[in-house]
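The values are calculated or read from the model by the stated rules, or taken from the named source; none is laboratory data. These figures come from a predicted structure and were not determined experimentally. Positions of Cβ are backbone-derived with ideal geometry, glycine not excepted, and every protein chain shown enters the neighbour counts.
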Amino acid sequence: MRRALTILSLTEVLALVAALAAALVQIGNSLVSVEKSLAKVTMGLRAIDSQTAPLEGHINRINAGLTAVGQGLGSVDGHLAQVDEALRKG
């Protein structure tokens, strides 16, 4: 009887180890797939970074121009407010 229980226990342990090994293999395969996807994303991001690098100088100039336009529009707003006030007074 004791021998039969020992054999059953060893069989259960082997089954557990086999199930864990199978699960680890599946996890490993999933991680390899994720690694490949992340490598593609990284490659794409590097390509985007290198292709958009020359835009930095242009964007800085555009921002400076838009800042000047914004300041000019602020001045126009002030003048229009004065005109509006003068027209209301009559």
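Here are a few things to note about the model shown:
- ASP84 in a helix (DSSP H, G or I) and over 36 Å from the mean Cα position of the chain (by Cα): yes
- Which listed residue is modelled with pLDDT of 95 or more and more than 25 Å from the chain's Cα centre (by Cα), from LEU24, LEU45, LEU31: LEU24
- Hey, ALA86 exposed (fewer than 10 other Cβ atoms within 10 Å of the Cβ) and either in contact with a helix residue (DSSP H, G or I) (Cβ under 6 Å, 6 or more places away or on another chain) or not aromatic (Phe, Trp, Tyr) (or both) or not: yes
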